[in-house]
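The values are calculated or read from the model by the stated rules, or taken from the named source; none is laboratory data. Everything numeric here is computed off the predicted structure, so don't read it as measured data. Here Cβ is always computed from backbone atoms with ideal geometry, including for glycine, and neighbour counts include all displayed protein chains. Areas reflect the complete protein model, heavy atoms only, side chains present, ligands, DNA and RNA absent. Shrake-Rupley method; radii C 1.70, N 1.55, O 1.52, S 1.80 Å.
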Amino acid sequence: MTDGNDREGNVGSLTSAEQIAHRQAILDTLYTHSRGLDRVDAELIKSTYWPEAVVDYGAYKGAAYPFAELIGPALSSQYELTQHVLGQTLIDLQGSMARTETYVQARHLLIAAQEELSFSGRYLDTLELRGDEWRIIQRQVVMDWSRCHAVTDQRDSEAFGQLSKGHNTADDPSYPFFKENQ
């Protein structure tokens, strides 16, 4: 692996401010993709891919833009909510290309909130820098394991009933929150 300075195998070595900026931009792209999945926002998902990007999500292998259009309705038809939490990301930065391995814990609350499907895996992404923007050019999803278990929905309980509730649409409280300062 390289750190962008062609130094092989120097794990933990210091990098430049520019390298840190590139790494942060890559992470922002990955985080935005997960937000797009959880809000079933096709345009947000597309914003993380280059137009010719391809994905391998197991049952769907092909162009990323059509995937972005299909995944929202697929998720909404099966799940009330999803949450994709990203863990550590290993970034192999090679000039204007980067390869990443990102751990993901995805939780899916099935319609009627009776069961939850949990997925543990990794995203293997290749990203390209064009101008000053990093986007995904290729994604492969790797499943490490999954499990399904019964849920006792507590969202409307006395303890949690007054909290704002998440939605997988623009009704989610985060949309007006981020628009307040624009």
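Can you tell me which condition ARG147 does not meet? The list is (1) outside any strand (DSSP E or B); (2) in contact with a Leu (Cβ under 9 Å, 6 or more places away or on another chain), and all the others hold.
(1)
Looking only at segment 133-173, which residues are open to solvent by less than 50 Å² (accessible area, probe 1.4 Å) and at pLDDT below 90?
Listed by number, the residues that qualify are VAL151, SER157, GLY161, GLY166, ASN168, ASP172.
Can you tell me which residues in segment 116-150 are without any contact (Cβ under 8 Å) to a residue 24 or more places away in the chain and β-branched (Val, Ile, Thr)?
VAL142
Would you confirm, using the coordinates I've provided, whether ALA21 is without any contact (Cβ under 8 Å) to a residue 24 or more places away in the chain, part of a helix (DSSP H, G or I) and surrounded by fewer than 18 Cβ atoms within 10 Å (Cβ to Cβ)?
yes
Among the residues of segment 143-182, which ones are in contact with a strand residue (DSSP E or B) (Cβ under 9 Å, 6 or more places away or on another chain) and hydrophobic (A, V, I, L, M, F, W, C)?
MET143, TRP145, CYS148, ALA150, VAL151
Looking only at segment 46-53, decide whether some residue is open to solvent by 40 Å² or more (accessible area, probe 1.4 Å) and in a strand (DSSP E or B).
yes
Do we find that PHE119 is among the hydrophobic types (A, V, I, L, M, F, W, C) and open to solvent by 50 Å² or more (accessible area, probe 1.4 Å) in this structure?
Judged against the criteria, PHE119 is not a match.
Could you identify the single residue in LEU90, LEU30 that is out of contact with any helix residue (DSSP H, G or I) (no Cβ under 7 Å at 6 or more places or on another chain) and assigned to a strand (DSSP E or B)?
Exactly one of LEU90, LEU30 is out of contact with any helix residue (DSSP H, G or I) (no Cβ under 7 Å at 6 or more places or on another chain) and assigned to a strand (DSSP E or B), namely LEU90.
Of all residues in segment 96-116 being small (Gly, Ala, Ser) and open to solvent by less than 50 Å² (accessible area, probe 1.4 Å), which is farthest from ALA25 (Cα to Cα)?
Checked segment 96-116; the qualifying residue farthest from ALA25 (Cα to Cα) is ALA113.
Kindly list the number of the only condition in (1) open to solvent by 50 Å² or more (accessible area, probe 1.4 Å); (2) in a helix (DSSP H, G or I); (3) at pLDDT 95 or above that fails for PRO73.
It is condition (3) that PRO73 fails.
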